[in-house]
Each structure stands twice: as structure tokens, then as C-alpha cells.
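Just so it is clear, none of the values below were taken in a lab; they were calculated from the coordinates. Worth saying up front: this structure is predicted, and the values here are computed from it rather than measured. Every residue, glycine among them, receives a Cβ derived from its backbone with ideal geometry; neighbour counts consider all protein chains shown.
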Amino acid sequence: MAPPRFINLGCRTNAAETDELASVLQDAENVVVVNSCTVTRAADRETRKAVARARREQPEAALLLMGCYVDAHPGDSLGADLVAPNRWKQAVENEAPEEPPGTRRSRYVLKVQDGCDNRCTFCIVWQARGRSISRVLPYLEQRARRAAEAGYREIVLTGIDLGSYRGGLAALVARLLDAAAPARIRLSSIDPSHVDADLARLFEHPRLCPHLHLPLQSGSDGVLARMRRRYDLGTFERAVAMVRQVQPDLALTGDVMVGFPGETEADFEATLAAIERAGFMDLHVFRYSPRPRTAAVRYSDAAPVAVARDRSRCTIELGKRLHAQYEGSWAGREVDAIWDRERDGLIRGVAENYLTVTAPAAGRRPGELERLPFRPPSVREP
């Protein structure tokens with residue numbers, strides 16, 4: 001009988017949940033689990049393709065479909081033998097063994113929070129995930145401590161709305177930095193409105209990765225208001241400035257959405273200007289994707305597909321240019337890379353500032369931490 005197979009789609013929170021499920025079902029046989037995503041129409045397509053491919057490749061296996069697609073499309077099983085909504089994951093998490101899984105990833109992904117109390121007009125995820133809930137601090141300290149003891153050298157904190165952690169994100173990070181020693185801590189995406197002075201000061205800590213993922217979405221306050229985001233451009237820019245005052249080498253990554261209903265050419269130009277000012281080192285660019293049961297589907301002035309596609313291309317090109325500039329600014333400087341995966345005689349790693357590092361694989365293993373000079377792609381070894 002074949003061992004269990006786990007197919008993870010979407011965000012880091014899904015990844016953490018898939019790892020926990022794998023630890024619970026490690027002795028199962030002939031089971032395929034698809035942990036789905038529904039954040040965009042493209043994510044829905046990927047879920048459908050993943051289920052069809054799994055059924056085709058392992059027709060005799062029991063197929064479990066779980067995750068956000070299930071909650072966003074009730075009644076649509078995609079032909080799976082069993083479907084499980086997100087609330088089922090909480091029961092699984094209660095059964096997860098105390099020891100963190102030690103074989104799935106080179107970095108340990110720790111889910112600290114789930115759900116979202118916001119109601120962004122473009123978003124279906126808050127409906128699929130439910131209200132914001134936080135895991136208790138003693139449990140998280142225990143998981144972080146045991147991950148470090150198991151040899152993990154980076155712990156990534158994740159959640160659907162990470163900054164809404166009950167008791168405050170800064171207090172949580174401070175406690176986990178103590179519990180996780182000697183591992184470093186990395187934050188996944190947080191809302192700009194959740195960056196405060198206490199959190200900014202923590203970036204002085206040598207084991208808090210100097211990397212922040214802030215969703216900008218738009219550089220236009222009018223568009224942000226229509227999206228029902230909790231911040232305006234000034235809030236975003238103050239958050240970046242606050243952290244950079246403490247950590248000048250901050251690597252800033254983020255999300256941008258183009259083609260949102262009502263976005264004018266002036267709004268789009270304002271977004272490009274905001275991206276440039278912020279000095280992003282990497283961007284996730286999305287074209288607006290109408291989702292059922294969201295407020296934005298009632299807006300009748302979405303940008304034409306061709307316009308949205310052109311804006312997406314321009315934004316991606318800007319992101320590539322800024323990424324190359326950031327890489328160039330680090331040429332020859334030393335970084336601490338955690339080796340991730342090996343291919344064709346090379347091994348890839350992730351530096352503390354989220355730069356990708358590549359080196360000959362000989363003598364190096366995934367999960368190990370190594371300090372070495374950073375070389376941009378143009379001067380890497382073949």
C-alpha cells in the first residue's frame with residue numbers, strides 16, 4: 001500500500017496545517033489529501049487541477065479535499081471521496097503530536113492565528129476561514145522550543161491575519177524569540193495597521209529576520225477605501241519608515257492588486273510611485289479577481305481585462321527592477337542562508353533578508369545554516 005500523499009496549495013497557513021495533518025496521518029495508507037486554496041479564480045483552477053491529477057495518478061487511493069475551496073464552494077466535492085471544511089482542521093490540530101515534524105521542510109512554519117474579522121470587499125477568505133482566533137501562548141512557546149530542539153534554524157510565524165494575534169504581535173514575537181533560541185524568527189504577511197513602535201523595536205534583535213511582508217494593494221487612498229482596507233497610504237508608509245529607522249537593511253516584500261473596480265490611470269500611477277518610494281525587494285502582483293459573495297462583485301466599473309493585464313505587466317516589471325537593485329546592493333555582503341532544496345548539483349537557500357542564495361550542493365544539506373557572501377544571479381556558479 002502507498003504511503004499518504006499531501007498536496008498543499010496556497011498560503012503558509014495552509015502549509016503549516018498540511019504539516020500538522022501529515023504528522024497525524026503519517027501511518028495512513030493509500031490516502032491523498034489536497035489542502036485547497038480559493039483566494040483567486042486562478043487558485044480555484046489550481047485546486048480543480050490538483051484534485052483531477054491526484055485522481056488520475058492514484059485512482060485507487062481515498063481522496064480527501066479540505067481547506068478554503070470547500071468552504072467557499074459548499075456542495076462542490078470535485079469528485080473527492082471526502083470533503084472537510086476548515087473547522088475540521090481545528091480538531092486535527094488538537095491531535096497533532098507534541099514533536100514538530102522533522103522531515104517536510106527546512107524551515108518550521110508555526111501557525112499562531114486563524115480567521116479574519118475584516119471584511120475586505122474583494123476577499124472570500126474571511127468567509128472561508130471564519131472569525132479571528134489565536135492559539136494560546138504556552139502552546140506556541142512549546143512548539144517553537146521543540147522546533148529549535150529538533151534542529152530547525154528558522155521558524156516562520158503565520159496566520160490568516162497574523163497581526164491580530166490576541167495579546168499583541170510584538171509581545172508574542174518577544175516571547176518566541178526567547179523560546180526558539182538559537183533559531184531565528186521570520187514574520188509572514190501582516191497588515192500595515194498592525195506595525196507599531198513595539199514591533200518595530202524588535203527588529204533590533206539579531207534573530208528576528210530583517211524582512212517584512214506588508215500588503216500595499218494600492219497606492220491610492222480612494223481604491224484602498226473601496227477595498228475596505230484598514231489603512232491608507234500614509235499608514236503604510238509610516239509603518240515602513242518606523243521599521244527602517246530601527247533596521248535600515250529591512251527587506252520589504254508585499255502584495256499589489258491592479259485592475260480593481262474604479263481604479264483609474266491616476267490611481268495606478270500612484271501605486272507605481274508608492275512601490276518605488278517604498279523600495280520593495282519583491283512583489284506579488286495580482287489582477288483583480290471577482291469572487292462570489294464578496295461586496296466587490298456588485299461594482300460595475302472593473303478595469304477591462306486588457307487594461308488590467310497591461311497594468312499587471314508594468315507592475316511586475318517594476319518589481320523585477322527593484323529586486324535586481326536590492327540584489328546588487330547586497331553583492332559581496334555576507335548573509336546567513338538556510339539551505340532549502342538541491343537540484344542539478346546546486347543547493348538553494350533563503351537568507352535572513354529573503355534573498356535566494358545558490359551554491360554547490362557538495363557538503364551542504366537542507367536545513368543547515370551557513371554564512372557566506374551573497375552573489376547576485378549574474379555571478380553565481382553555473
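Using a Gaussian network model of the chain in which every pair of alpha carbons under 10 angstrom is joined by a spring, one finds that among Asp81, Asp114, Asp232 the greatest mean-square fluctuation is at Asp81. Under a 5 Å amide H cut-off, with hydrogens placed 1.01 Å from N, Leu346 pairs with Ala361 among residues at least 5 apart or on other chains. Available extension along the chain between Ala2 and Ala28 is 8.5 nm, counting 0.36 nm per residue and deducting the alpha carbon span. When the Gaussian network model of the chain links Cα atoms closer than 10 Å, the mean-square fluctuations of Val256, Val223, Val31 top out at Val31.
For the chain, the average shadow cast by the Cα convex hull is 19.0 nm², which is a quarter of the hull's surface. Taken along the Cα-to-beta-carbon direction at a fixed 7 Å, the label points for Val297 and Ala324 span 4.1 nm.
Restricting attention to the chain, close to 35% of DSSP beta bridges with both partner residues there are antiparallel.
Close amide-amide hydrogen proximity is noted between Val335 and Leu372, Phe374, each under 5 Å apart and 5 or more residues distant or on a separate chain (H modeled in the peptide plane; Pro and chain starts excluded).
With N as its number of residues, the range 272-313 has a Cα radius of gyration that, divided by 2.2 N^0.38 Å, comes to 1.44. Normalised by 2.2 N^0.38 Å, where N is the number of residues, the C-alpha radius of gyration of the range 181-265 stands at 1.20.
Of Met1, Met242, the sequence from fewest to most neighbouring Cβ atoms within 10 angstrom is Met1, Met242.
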